[in-house]
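To keep things clear, I will list the structure first and then write my remarks on it.
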Amino acid sequence: MPTSPTLGNWIGLIALGLIWGASFPGVAIALEGVSPIWVAAGRILIGAVTLSAIAIAMGVRLRMSPAILIYAAGMGVFSNALPFFLLGWSQQHVTSGFAGITMAAIPLFVIGLAHFLISGEGLTRQKAIGFVLGLIGVGVLIGPGAFAASGSEFEAFARLGCLSAALSYAVGAILTRRCPDVHPVGFGVLALWVATAIMLPTALVSDGVPPLPEIRPALALLYLGLLPTGFATLLLVGIIRSAGPSFLSQVNYHVPVWSVLLGVVVLSEELPGRFILALAIIIAGLMVARRKGVQARAAA
């Protein structure tokens, strides 16, 4: 049973937010020498190998059934393959800070989806107010000129791509919530190998065998696979087992903040004031709507 959060839980939560927040500058750096589809395929493959090694070290036995495989396939697509590609492509045209801020919308999307897909998770007045606040924040985030060319020719579509990735993560969270009882690490291993089986052939057909990248993007890709895609799952499982999923959900407040700070510090990004306003509105919506039940896993 979950217990009151310990100092170790808080340290783990902050570390998890930092790891996932740093994935957005990491993607931006990896894109300097790797195509978006190979960024997605590479980090998934490295993550699958990393998490498999962790599972072996933990003595986790994979329990498979048709239902578990179906849900693992869904998680592999919606929590890994699709959002990783969408974020990789989108970050060619938007800042890493913007991409990170959009992840604050994940729990809000989960609230809306859970109303229809999860028994007992209907919208209450409090959740509805938070949901509306979050939608307002998303609207501010996109901006009134979303479909007008600004900076990059594809900036408006890239903004929508980031939000689509957040929606994809939310769908993955719903599927994970509905999955039959299974060890989380084993379930994650299955999902990552399904995603690998999808993305590797797709990348080969789309872009062919990639050339060896230079050291800077290669290290960024290695980071994306080892930490945000692989090792972070171990931290996530430990926090859930010790302090519970409600405590873990607070990581959704940390990820956008870290992504913005690291984008400014590491990549010298500048964010218009409305991005900060959008983040404030989205977080306000999260705080109003926060409740026990389905919790979204933040992404990277």
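The values are calculated or read from the model by the stated rules, or taken from the named source; none is laboratory data. No experiment lies behind these values; they were computed from the predicted model shown. Using ideal geometry, Cβ is built from the backbone for each residue, glycine included, and neighbour counts are taken over all protein chains shown.
Couple of notes before you dig in:
- Scanning segment 163-177 for residues that are at pLDDT 85 or above and of a type in the set (S, T, N, Q), we see that the one that is nearest to Gly100 (Cα to Cα) is Ser164.
- When each of Ile19, Ile56, Ile44 is tested for being in contact (Cβ under 8 Å) with a residue 60 or more places away in the chain and either farther than 17 Å from Thr196 by Cα or surrounded by fewer than 21 Cβ atoms within 10 Å (Cβ to Cβ) (or both), the lone residue that passes is Ile19.
- Looking only at segment 175-218, and only at residues there that are without any contact (Cβ under 8 Å) to a residue 60 or more places away in the chain and closer than 17 Å to Val27 by Cα, the one that is surrounded by the most Cβ atoms within 10 Å (Cβ to Cβ): Ile215
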